[in-house]
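The values are calculated or read from the model by the stated rules, or taken from the named source; none is laboratory data. For clarity, every value in this text was computed on a predicted model and none was experimentally measured. Here Cβ is always computed from backbone atoms with ideal geometry, including for glycine, and neighbour counts include all displayed protein chains. Ligands, DNA and RNA are stripped out before the accessible areas are found, and what is left, the full protein with its side chains, is counted by its heavy atoms. Shrake-Rupley method; radii C 1.70, N 1.55, O 1.52, S 1.80 Å.
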Amino acid sequence: MSEIESWKRLAALTPARIALGRAGSGLPTSETLRFALAHARARDAVHAALDTDMLGREIGRLGLQVLRVQSRAPTRDSYLLRPDLGRRLQPADREAIAAAATNPVDLSITIADGLSASAIQAHALPVLRSLLDHVRSAGWRLGPIVLATQGRVALADEIGELQRARLALILLGERPGLSTPDSLGLYLTYAPRPGRQDGERNCISNVHDAGLPAVEAAARAAWLIREAFARSLTGVALKDESSARSAGAIRSGSGCGDGEQPPG
Amino acid sequence: MAYRHVIGQTTYRFGDLRELMAKATPPRSGDELAGLAATTAEEAVAARFALADLPLATFLTEALVPYEDDEVTRLIIDGHDRAAFAPVASLTVGAFRDWLLSDAATSDVLARLAPGVTPEMAAAVSKIMRLQDLISVARKCQVTTRFRNTIGLPGTMAVRLQPNHPADDPRGIAASILDGLSYGCGDATIGINPVSDNLSVLGDLLQLLDEVIQRFAIPTQACVLTHVTSTIALIGRGAPVDLVFQSVAGTEAANRSFGVDLAILREAHQAGLSLQRGTLGRNVMYFETGQGSALSAEAHHAVDQQTLEARAYAVCRAFDPLLVNTVVGFIGPEYLYNGKQIIRAGLEDHFCGKLMGVPLGCDVCYTNHAEADQDDMDALLTLLAAAGVTYVMGVPGADDVMLNYQSTSFHDQLYIRDLLGLKRAPEFEAWLQDQGITGGDGRLLPQAAAARLLSSFAALEAR
């Protein structure tokens, strides 16, 4: 086998950028530009606005009621700098959600842009559709679907409390990676209310074309919801064995990251 | 006690030492998020004037985080070396800066001073220093550590080879290791951030690294960067552990959020030492830190993030580490907003660590939601290398496909070696020459020379 073939074979073993070659001590032009493109896509994903009109219409076609809200972060910059603002609703939106909450429900579902509107645009509907199959077969009562912009994970705590839900589920765009600008995560919180800690949630991450399929993500969520109802809790005590990830690191993986949580 | 400074008609008052330190800190988003930052640019400079007039010894009597509440404060105060501190004991923070920049502060003098420098002193003086000050003083500080090679000699810079894989696949990891070795990376350590926290998976990764190092007789050390409690368990199972890793922070409460305290770190340190796997030295610990970790754990005691970061180095220092690095841009824009803030923080961290006698490296890095790009990383890498950084990361193509952030690449370290003539750890440098990877001048030979490694790796991969 030639050396070039050997390197090609090695490169096939990992998505890491190996066997790139070099120009002097630098990267070849093609690799420099390939990297720049990946970064540009990730940046665009962070700053893209979520088209809630279109998404709202699509969800309406599934026979669901839709409420549109925005967190207290007025702009993308304020969202990035002030995680606390992205976790709270504006007063008018609070009232609208409360007014629509006529009866207690089992499940409150929020869809939020998080750090990647592209992830929501690409994967929220397929996940929601699959999830509805489980919701219907289990007979869970559902509140109106809340579409939120400039939202972080904990925004669902306030929404879930207002909807008087037993459990809050939020679909949210994860912090974009260079190879995956459109990865979606799902977070589940039993007995939602503001002030819930991250250790009280479960998460399913890496939903994207090369990652976890929407159908499987919905199935895992349904399993977690059933377990949460049976045991009256979510969080570390309800660990999805397949999503174990080492805790307590300055650098933890992309597993449950929407960029809101720093390493740790 | 309150501090004040008058500028024209305005008297700026700072309620206590914490407020003075926070408001003197050059701008960063994390201090603003915590509500600690100065409200005007003039107030920040007034705080710096007041800080410059403060006697250094104040930090020995006025704790920023209460002694009674925090074991890190107790470690700092109880472990302070008064004899080492004596030469600067009468100086103010401002006079300390002037002295550090003077010819009187030679490398030898600074090495003797290090045990007398508390993190708060280092942080305070850094706040009134410009980048050029941080660079030129840090460059004079020499910290040398040893395990199977010698890290930190003047004129050298080491690289941690970081061959992460999103599924911990041993063959994928081996492929990245081979690529990195062919670029002359890996003298600091070959260190994997695992996805899994499963002990048998971690044990397999340690076996893989041990086999690579043994088979090719590489004078370096391996590390799987998992929680210390897992590493202690792995040592108990007889796994081949070279370096014991842990993330640490600058307060007891923040460390608790990482699931550690000083007692468990002592236990881990002793467990690592007990294996006696180092051939040249007994520096067995590897720590990572980063500004903002205490605030994110709601454990910051209203102290600014840069001072708390320096306190993390006091934790590291107590365990004679081989390697310590700040992961400077990983935490996100709510703590360090953009390239400018990341660059300043990286140089502050490096300066504070080195002044305290800690072998400080840096993960020069950023995330995609920070206002930063490769140009900022080039700038920080170049400045840190000029400052004598102990080591940086070597990530394939700068793209960590497991942790989803951008660090420095195999190519980046080549660039800076070429630019500044920086050598590797001497034992590793000699090994690369023996392998025909580098020539006598330390520069890479044409890539065909890596063919021998490549064929040996094919055998390893086929096992």
Return the total of residues in the stretch B:301-352 being among the polar types (S, T, N, Q) and assigned to a helix (DSSP H, G or I). 4
Among (1) open to solvent by 20 Å² or more (accessible area, probe 1.4 Å); (2) away from chain B (no Cβ under 11 Å); (3) of a type outside the set (D, E, K, R), A:His47 falls short only on (2)
A:Gly195, sole failed condition from (1) within 15 Å of the chain's Cα centre (by Cα); (2) over 19 Å from A:Val127 (Cα atoms): (1)
Might you check whether a residue that is open to solvent by less than 20 Å² (accessible area, probe 1.4 Å), in contact (Cβ under 8 Å) with a residue 60 or more places away in the chain and under 28 Å from B:Glu427 (Cβ atoms) occurs anywhere in the stretch B:261-283? yes
Looking only at the stretch B:342-399, how many residues end up being among the acidic types (Asp, Glu), away from chain A (no Cβ under 11 Å) and open to solvent by less than 10 Å² (accessible area, probe 1.4 Å)? 2
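Just checking, which of A:Gly60, A:Gly56, A:Gly26 is under 19 Å from the mean Cα position of the chain (by Cα) and either free of Cβ contacts under 8 Å to residues at least 12 places away in the same chain or more than 13 Å from every other protein chain (Cβ to nearest Cβ) (or both)?
Numbers: A:Gly60 fails: under 19 Å from the mean Cα position of the chain (by Cα); A:Gly26 fails: under 19 Å from the mean Cα position of the chain (by Cα).
Only one candidate passes the filter, namely A:Gly56.
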Selection from the stretch B:271-290 of residues that are assigned to a loop (DSSP other than H, G, I, E, B) and within 24 Å of B:Met393 (Cβ to Cβ): B:Arg277, B:Gly278, B:Leu280, B:Gly281, B:Asn283, B:Val284, B:Gly290
Being assigned to a helix (DSSP H, G or I), among the small types (Gly, Ala, Ser) and without any contact (Cβ under 8 Å) to a residue 60 or more places away in the chain is the requirement here; does B:Ser176 meet it? no
Picking from A:Arg94, A:Arg68, which residue would you name as being more than 14 Å from chain B (Cβ to nearest Cβ), under 27 Å from A:Ser130 (Cβ atoms) and in contact (Cβ under 8 Å) with a residue 24 or more places away in the chain? A:Arg68
Please determine, by comparing only the residues of the stretch B:435-454 that are facing another protein chain (nearest Cβ under 8 Å) and open to solvent by 50 Å² or more (accessible area, probe 1.4 Å), which one is modelled with the highest pLDDT. B:Gln447
Being more than 8 Å from chain A (Cβ to nearest Cβ) and surrounded by 24 or more Cβ atoms within 10 Å (Cβ to Cβ) is the filter here, so list the residues in the stretch B:288-300 that pass it. B:Gln291, B:Ala294, B:Leu295, B:His300
For the stretch B:400-414, give me each residue that is at the interface with chain A (Cβ under 8 Å from one of its Cβ atoms) and under 12 Å from B:Val159 (Cα atoms). B:Ser409, B:His411, B:Leu414
Based on this model, can you work out whether A:Ala148 counts as among the small types (Gly, Ala, Ser), in a helix (DSSP H, G or I), surrounded by 21 or more Cβ atoms within 10 Å (Cβ to Cβ) and in contact (Cβ under 8 Å) with a residue 24 or more places away in the chain? no
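Check whether at least one residue in the stretch B:108-131 is at pLDDT 95 or above, more than 12 Å from every other protein chain (Cβ to nearest Cβ) and in contact with a strand residue (DSSP E or B) (Cβ under 9 Å, 6 or more places away or on another chain), and report yes or no.
Step one: filter the stretch B:108-131 for residues at pLDDT 95 or above, giving B:108-131.
Those left that are additionally more than 12 Å from every other protein chain (Cβ to nearest Cβ): B:108-131.
Next cut, in contact with a strand residue (DSSP E or B) (Cβ under 9 Å, 6 or more places away or on another chain) only: none.
The answer is no; no qualifying residue exists.
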From the set of residues in the stretch B:234-259 that are open to solvent by less than 40 Å² (accessible area, probe 1.4 Å) and among the small types (Gly, Ala, Ser), which is farthest from B:Ala188 (Cα to Cα)? B:Ala253
Test for A:Ser6: is it facing chain B (nearest Cβ under 9 Å) and either among the aromatic types (Phe, Trp, Tyr) or assigned to a helix (DSSP H, G or I) (or both): yes
Verdict on B:Arg417 being within 8 Å of chain A (Cβ to nearest Cβ), open to solvent by 10 Å² or more (accessible area, probe 1.4 Å) and not aliphatic (A, V, I, L, M): yes
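Among the listed residues B:Ala122, B:Ala86, B:Ala111, which satisfies the condition of being open to solvent by 50 Å² or more (accessible area, probe 1.4 Å), aliphatic (A, V, I, L, M) and within 24 Å of B:Ala188 (Cβ to Cβ)? Give the derivation first.
Details: B:Ala122 fails: open to solvent by 50 Å² or more (accessible area, probe 1.4 Å); B:Ala86 fails: within 24 Å of B:Ala188 (Cβ to Cβ).
Checking each option against the conditions leaves just B:Ala111.
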Can you tell me which residue within the stretch A:174-209, out of those that are in contact with a strand residue (DSSP E or B) (Cβ under 6 Å, 6 or more places away or on another chain) and within 11 Å of another protein chain (Cβ to nearest Cβ), is most open to solvent (accessible area, probe 1.4 Å)? A:Ser205
Cβ-Cβ below 6 Å, separation at least six or inter-chain, first residue in the stretch B:324-340 and under 24 Å from B:Tyr286 (Cα atoms) and at pLDDT 95 or above, second assigned to a loop (DSSP other than H, G, I, E, B) and among the aliphatic types (A, V, I, L, M): which pairs? B:Val324/B:Val358; B:Val327/A:Ile250
Picked from the stretch A:210-229 (must be open to solvent by 50 Å² or more (accessible area, probe 1.4 Å) and in contact with a strand residue (DSSP E or B) (Cβ under 8 Å, 6 or more places away or on another chain)), the residue nearest to A:Leu89 (Cα to Cα) is A:Arg220
Could you run through the stretch A:31-44 and say how many residues are open to solvent by less than 40 Å² (accessible area, probe 1.4 Å) and either farther than 18 Å from B:Ala398 by Cβ or more than 8 Å from chain B (Cβ to nearest Cβ) (or both)? 0
State all residues of the stretch A:29-81 that are in a loop (DSSP other than H, G, I, E, B), out of contact with any Gly (no Cβ under 8 Å at 6 or more places or on another chain) and charged (D, E, K, R); if no residue qualifies, say none. A:Asp51
Identity of the residue in the stretch A:85-106, of a type outside the set (A, V, I, L, M) and assigned to a helix (DSSP H, G or I), that ends up least open to solvent (accessible area, probe 1.4 Å): A:Gly86
State the number of residues belonging to the stretch B:170-187 that are within 7 Å of chain A (Cβ to nearest Cβ) and of a type outside the set (Ser, Thr, Tyr). 5
Looking at the stretch B:427-434, is at least one residue away from chain A (no Cβ under 11 Å), in contact (Cβ under 8 Å) with a residue 12 or more places away in the chain, not charged (D, E, K, R) and not in a helix (DSSP H, G or I)? no
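Whether any residue in the stretch B:129-138 is in contact with a Ser or Thr (Cβ under 7 Å, 6 or more places away or on another chain) and open to solvent by less than 10 Å² (accessible area, probe 1.4 Å) is what I want to check. So that I can check it myself, show each step before the final result.
Taking the stretch B:129-138 and keeping what is in contact with a Ser or Thr (Cβ under 7 Å, 6 or more places away or on another chain), we get B:134.
Those still in the list that are open to solvent by less than 10 Å² (accessible area, probe 1.4 Å) too: B:134.
There is at least one residue in the stretch B:129-138 that is in contact with a Ser or Thr (Cβ under 7 Å, 6 or more places away or on another chain) and open to solvent by less than 10 Å² (accessible area, probe 1.4 Å).
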